[in-house]
There are 2 protein chains.
Amino acid sequence: MFKEERLQLIVDEVTRHNKVRSSELCQMLNVSEDTVRRDLKELADKGIVRKVHGGAVANSLIPPEYREQNIGHIGQKRIIAEKALSLVRDGQLIIIDGGTTNLELVRQFPEGLKATVFTNSIPIANELCTHSEIDLFFFGGKVLKSVRVTIGMDVLHFLSDLNADICFIGARSLHASLGITTTRREEAQIKRKLAEVSNQVAALVTSDKVGTIQPFRVVELEEVHTIVTELPPGAAEMRPFRDKGIEVL
Amino acid sequence: MFKEERLQLIVDEVTRHNKVRSSELCQMLNVSEDTVRRDLKELADKGIVRKVHGGAVANSLIPPEYREQNIGHIGQKRIIAEKALSLVRDGQLIIIDGGTTNLELVRQFPEGLKATVFTNSIPIANELCTHSEIDLFFFGGKVLKSVRVTIGMDVLHFLSDLNADICFIGARSLHASLGITTTRREEAQIKRKLAEVSNQVAALVTSDKVGTIQPFRVVELEEVHTIVTELPPGAAEMRPFRDKGIEVL
DNA sequence: AACAAAGATGCTGTTTTATGCAAGTTTATT
DNA sequence: AATAAACTTGCATAAAACAGCATCTTTGTT
């Protein structure tokens, strides 16, 4: 991650909560305390934040180039995607489910990544068409237009003889005792199957989805190996998941 | 590769990912770090990107001359699409093959068109997701990234029990005696099958493709029922086709 | 065609930047 | 006051940026 991006993220964090601990930042950004301190100093010099012992607090006005929703803006999803990148490596067979967070992940894929990817998401397939070294396969079937993924028997059939290294599953809701749930029965069915044929199951979720529940069960928590959120890995919200032996990034 | 092409590619990359590392670029473009740096400097001077240590990030607005892929013949394709619209009606089962002309066709589909559409083209599926009354199905299979369509056994399997009212076939070349031909064997195979399971076969082609030949045969002219070009229906170029009893719009 | 001028590209060596680490100092908290 | 966490300073290193130069293309002019 570029230093500029880091600065942007710090500003976002400060504007959202009016304050920030440097210890949290350095976990969230995967850099040393030193670097965070230097970043905060730089932002303080520019008058964007005010440095205090242990972190920084918001300063009245944010200059336009640092405001959220700027084009180059880095949201939570990008943080998640960057963390999740460490899970993929050359030569893997990867299944990628739909969802905007997963889309962000494939956008971060390095240009030369060599892998075989299966997906049922139209936008994700579209994005991956620009990666010359990726072997891409699409699960055919009926298109669920609202989320732009395919569902139905054909997908299940396609999956029957597949064995993937890792599956990035899209999760609308993640709960410490109920696992992953979603809003449509057919979707749940497909997702369950995706997880079933994969050696590792990773769920990329923004923290606002943690603790929520939807009507249809996708997979139990026991079947999920890795959870990636934008929070620092040690965050209290993720405690229950860590306790169950799930890797939390 | 021309310098301008390189600059365009860099801009594309930045607009897609919001950032780019110069190391990636020089690998991707096969030029030295120096050249990449000079390119980035140039783009930065024009205000198109913002240079940061190690690469560049997106800058709020991209001038129109650098926007993505301005595909050729856009005007002609629109004329073709409008004529071809008369071929579709509510309630039909329609197969739509890939290609930019066909994409233009679905863009012209009226909002409330009620139909069942099968396609193997990612952009077309994506476009049709916005049409609420269309039942959309996607042929799964291996993705041919350069044209964003699926190919392979799975597509053929998917097609086996289908019977469509009309098929809009994408044609790279159309010849009065050799029919439709294309550049890849797998593509030809799929297209032939698409035509086979359809009661009516329509080819939407710009006139510059008429009379050209590619290595692989898709279908004979006898199997094509309708040809749509941007030319007036009575144009001399289309005479040989009309003479064979093909409807020319 | 010949030739000059301008431009693009890559190479070499040097300078700057980003970042982490270590050792010592300051600050908060109990 | 004791102690742990947070800060400061200085240093080390690797990557990136820069400047100057040599080579090769392209372009325009006679």
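Overview of results
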quantity	calculated
Residue list for segment B:122-144, filter: among the polar types (S, T, N, Q) and touching a helix residue (DSSP H, G or I) at 6+ places or on another chain (Cβ under 7 Å)	B:Asn126
Segment B:89-106: number of residues that are closer than 21 Å to B:Glu247 by Cα, among the hydrophobic types (A, V, I, L, M, F, W, C) and open to solvent by 20 Å² or more (accessible area, probe 1.4 Å)	1
Meets criteria (open to solvent by less than 50 Å² (accessible area, probe 1.4 Å) and more than 13 Å from the chain's Cα centre (by Cα)) for A:Phe216	no
Output for segment A:145-196, where each listed residue is in contact with a helix residue (DSSP H, G or I) (Cβ under 6 Å, 6 or more places away or on another chain), touching a residue at least 40 places away in the same chain (Cβ under 8 Å) and among the hydroxyl-bearing types (Ser, Thr, Tyr)	A:Ser173
Segment A:144-177, residues that are under 19 Å from the mean Cα position of the chain (by Cα) and of a type in the set (A, V, I, L, M)	A:Val147, A:Val149, A:Ile166, A:Ile169, A:Ala171, A:Leu174, A:Ala176
Hits in segment A:121-137 - residues which are over 14 Å from B:Val147 (Cα atoms) and assigned to a helix (DSSP H, G or I)	A:Ile122, A:Pro123, A:Ile124
Answer residue from segment A:39-54, given it is farther than 16 Å from A:Thr15 by Cα and away from chain B (no Cβ under 14 Å) and is farthest from DNA strand D (Cβ to nearest atom) among those	A:Asp45
Positions within segment B:124-142 being under 16 Å from the mean Cα position of the chain (by Cα), more than 7 Å from chain A (Cβ to nearest Cβ) and open to solvent by 10 Å² or more (accessible area, probe 1.4 Å), in sequence order	B:Glu127
Leading residue by the ranking (most open to solvent (accessible area, probe 1.4 Å)) among those in segment A:148-163 that are outside any helix (DSSP H, G or I) and more than 9 Å from every other protein chain (Cβ to nearest Cβ)	A:Asp161
Filter pass, A:Lys3 being within 14 Å of another protein chain (Cβ to nearest Cβ), away from DNA strand C (no atom under 13 Å from the Cβ) and touching a residue at least 12 places away in the same chain (Cβ under 8 Å)	no
Search result, residues across segment A:12-38 that are within 11 Å of DNA strand D (Cβ to nearest atom), free of Cβ contacts under 8 Å to residues at least 12 places away in the same chain, away from every other protein chain (no Cβ under 14 Å) and open to solvent by 40 Å² or more (accessible area, probe 1.4 Å)	A:Ser32, A:Glu33, A:Asp34
Residues of segment A:26-53 classified as modelled with pLDDT under 90 and within 11 Å of DNA strand C (Cβ to nearest atom), total	3
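The values are calculated or read from the model by the stated rules, or taken from the named source; none is laboratory data. Since the structure is predicted, the reported quantities are computational estimates derived from the model, not experimental observations. FYI the Cβ positions are ideal-geometry reconstructions off the backbone, even for glycines, and counts take in every protein chain you see. Please note that ligands, DNA and RNA were not included when accessible areas were found on the heavy atoms of the full protein model with its side chains. Shrake-Rupley method; radii C 1.70, N 1.55, O 1.52, S 1.80 Å.
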